[in-house]
Every structure is written in structure tokens, then in C-alpha cells.
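Starting off with a structure, shown below.
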Amino acid sequence: MSEKLYETRLARVVTYIHDHLDDELDLNRLAEVACLSPYHWHRIYHGFYGETAAATVRRLRLHRAANELLHGEAQIDSIATRAGYSSAQAFSRAFQASYRMAPGQFRNEGGASMFGAIDGIRSEEGAMQQHQVDIRTQEGFSVAAIEHRGDYMGIGRAFEMLFHWLATRGLIDPRARSLGIYFDDPSAVPAEELRSMACCELFKPDEVTFEAPVSRVEVPGGEFAVLTHVGPYAQLCFAYQWLYGAWLPKSGRETGDAPVFEVYLNDPRETAPADLVTEIWVGVR
């Protein structure tokens, strides 16, 4: 079987997992979606993605549960059932193992309170007063990108497809940054209409042959305010609220014209959500 055919079949499986998180996703069913033997499916998937299919399902369901805890009103029992756990106790153990916080505590303390007392700014020339915001100057650079339309919390599917596309072409570079570009304000635009891009930095873009759904995108250079966030992606909305609502008015700066982007410094497949490091880059002048 050709590498291109493997790519097509595995991309279909990734899409299926993201679209059917509420279904019974047993490994035999996923093997059927991929049109691959169930005897070899586990090894093929793990070889391509670095985690088992069961681990992918578990990670994505907990990611969704964390978002529901922070931004919804559903009872924890209901969230646990939707995440595929037979009891709230089993869900609590799994959630705490990944997020280092019980679901109830995460709902009560895992949000905006983290940013209540942060007032620091650091420039490239000056000493660090606090460690949350840097002012950085960066030249423009090229990325490989896949568009995502819909809730920003669902952009993971586009990233899975992008990195599979890069891997099958030998284009994975350990120096390359992973980033998401976000064009709309989720508080002003309906979730289903939000526009974003899953991206990976390219060092020799002129040597890459692009084909749909992957395209070359230029990220503009300039001066940026960079907020470093440590913790689950579900908490990023509170970091944005603090950055725009508290830091920016006191900074003496204005935002530029380019869209905001996030740089992801570690891999959610290998890193506990509590240890995920995300940089939020906002162009300023």
C-alpha cells in the first residue's frame, strides 16, 4: 500500500474520532473506518500518532469535559457520563490524574482567578518585573496551514491532519513551532462561524509542494506582546480576558492589524494538561 493511501485512510480516522466522541469508539470500528486489518490497526495508528487510539479518545473527551466544566452549567455526573465514564468517581480520578485538580475544584478555581494579581511586563532591554508578558520583535515567517471553521476548542482535528500530512512527506522539523492563528473574537462571533488555522513553521517553504487542504501562509513580523500561559487549553480564554482587559490598557500600547496567534511549546499527547505551555502573541505598536 502506498504512503499516500495510508495518509488518506488515517486522516479519515482522525476526522471520525473528532466527529463521534459521543459514540462507542471501539478499535474494531476504527479499523473499519481505516479499511485496515484489526490485527495490525493498533500498531499502525500508534506508529503514526505516537499514542494509541484509545488514548486519543480518552484525551479528547477529557479536553471537552474541561471546557464544559469552565464554560457550561451541566452537572459533573452528566459531564462524566458524556466523557464515557460509568461513575462520577471514575471520571474524577481520571480527570485529576490529567489536570491535577478534581473536577469541582477545576470548575471553581481553574479560571479567571489565576490572573487577578498579575501586572508585570518585561521588554528585551529591561529586567523582568513579573514573568507573564514579554515584548518581542520578530521577523515574518512561513507556515504550512489547514483552515478550521467552528469552535476554537475543536481545532485539534486540523492539527492532527496537518502533522500527518507533514510526517508523510518527511517535513517534520524538531525546530519548527506549532501555532494556531485566530481571526475572530469568540465573544462576538457565533462558535460555528469562528475562523482559525492550524499551522506549523517551515524553514524551506519554497521547497514544499502544497496541495489541499494544506496551504502556505505568511505570518507577518513586527513587535508583539507575548503572554505565556501554563495549564489546560480550556483556561486560555481567561488569559485573553486578562491580556486585553487588564494588561493592554495599562501598557501604553495599541494592537496591530494582524490576527492573534498562539504558539504551543509542548505536545498534548505527551504532556499533562496542567503542564501545557502556550504563548499568546498579540501584535502591538
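Just so you know, all these numbers are worked out from the coordinates, no wet-lab data involved. Not measured: the values here are computed from a predicted model. Neighbour counts are summed over all protein chains in view; Cβ atoms, including those assigned to glycine, are modelled from backbone coordinates with ideal geometry.
Over its Cα atoms, what ratio of radius of gyration to 2.2 N^0.38 Å does region 176-284 give?
In units of the globular-protein estimate, region 176-284 measures up at 1.15.
For the charge dipole of the chain, defined by +1 on Lys and Arg C-beta atoms and -1 on Asp and Glu C-beta atoms about the Cα centroid, which residue among Trp41, Trp281, Leu70 has the Cα displaced farthest towards the positive pole?
Selected residue: Trp41.
Then there's this: Taking loop as defined by DSSP and a crowding limit of 15 other beta carbons within 10 Å, which trypsin sites (Lys or Arg not before Pro) in region 239-284 fit?
Here the sparse-neighbourhood loop sites are Arg269.
Using the Cα centre of the chain as origin and beta-carbon charges of +1 (Lys, Arg) and -1 (Asp, Glu), tell me which of Thr56, Gln132, Thr168 is placed farthest towards the positive end of the dipole.
The Cα lying farthest towards the positive end belongs to Thr56.
Charges only on Cβ, +1 for Lys and Arg, -1 for Asp and Glu: so what's the dipole of the chain about the Cα centre, in debye to the nearest 20?
On the way: 27 positive and 39 negative charges, 130 e Å.
Computed charge dipole of the chain: roughly 620 debye.
Would you give the gap between the C-alpha center of region 245-272 and the C-alpha center of region 148-201, rounded to a whole Å?
After rounding, the separation between the Cα centres reads 15 Å.
Counting only GluC sites (Glu not before Pro) that sit in a DSSP loop (anything but H, G, I, E, B) with at most 10 other Cβ atoms within 10 Å, what is the longest stretch of the chain containing none of them?
Between exposed loop sites, the widest span is 140-210.
Within region 144-201, list the chymotrypsin sites (Phe, Trp or Tyr not before Pro) lying in a DSSP loop whose Cβ has at most 16 other Cβ atoms in a 10 Å radius.
Phe183
When the expected Rg is taken as 2.2 N^0.38 Å, what fraction or multiple of it is the alpha-carbon Rg of the chain? If you can, show how the numbers build up before the last one.
Details: Rg = 19.8 Å, N = 285, 2.2 N^0.38 = 18.8 Å.
Here the answer is 1.05, to two decimals.
Positive end of the dipole of region 163-222, charges at C-beta (+1 Lys, Arg; -1 Asp, Glu), about the Cα centre: which of Pro220, Ala191, Leu202 has its Cα farthest in that direction?
Working it through, the farthest residue towards the positive pole turns out to be Leu202.
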